[in-house]
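Reading through the structure tokens given below for one structure.
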Amino acid sequence: MWLYAITQGIGSAREIARLVKTDVAFRWIVGDVTVGHHKLSDFRVGHRDVLVPPADNARSIEDLKRRGEAPEVIAWRERMETPEAKDCIALVQVCAS
């Protein structure tokens, strides 16, 4: 769910918890189960190495490197640009729409 939320520009556990109640795509992802913001936040903290989004909308990995962005942010962006990650994001978007 975090991956989908991040691709939609959402980085707040509270916002995701609200969307799970009102948005069809988020309800589909969680299987229509109630998810609280505390659990979402705990998950994100526990998986920070995978879920650290870039600090802003840098256009490329090279932009991040030039600005001296943290290595974990660069690694996150590189993982999101792999063909596998793009396929996964596309599948979630199609299934959720």
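The values are calculated or read from the model by the stated rules, or taken from the named source; none is laboratory data. Keep in mind the model is a prediction, meaning the values are calculated, not measured. Cβ atoms come from the backbone with ideal geometry, glycine included; neighbour counts cover every protein chain shown.
Condition check ((1) modelled with pLDDT of 75 or more; (2) within 15 Å of the chain's Cα centre (by Cα)) across all residues:
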position	(1), (2)
27	yes, no
30	yes, yes
48	no, yes
58	no, no
83	yes, no
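Does residue 10 satisfy the criteria of being surrounded by 11 or more Cβ atoms within 10 Å (Cβ to Cβ), in a loop (DSSP other than H, G, I, E, B) and either polar (S, T, N, Q) or modelled with pLDDT of 75 or more (or both)? Judged against the criteria, residue 10 is a match. When region 15-47 is filtered for residues that are free of Cβ contacts under 8 Å to residues at least 24 places away in the same chain, in a loop (DSSP other than H, G, I, E, B) and of a type in the set (A, V, I, L, M), only 33 remains.
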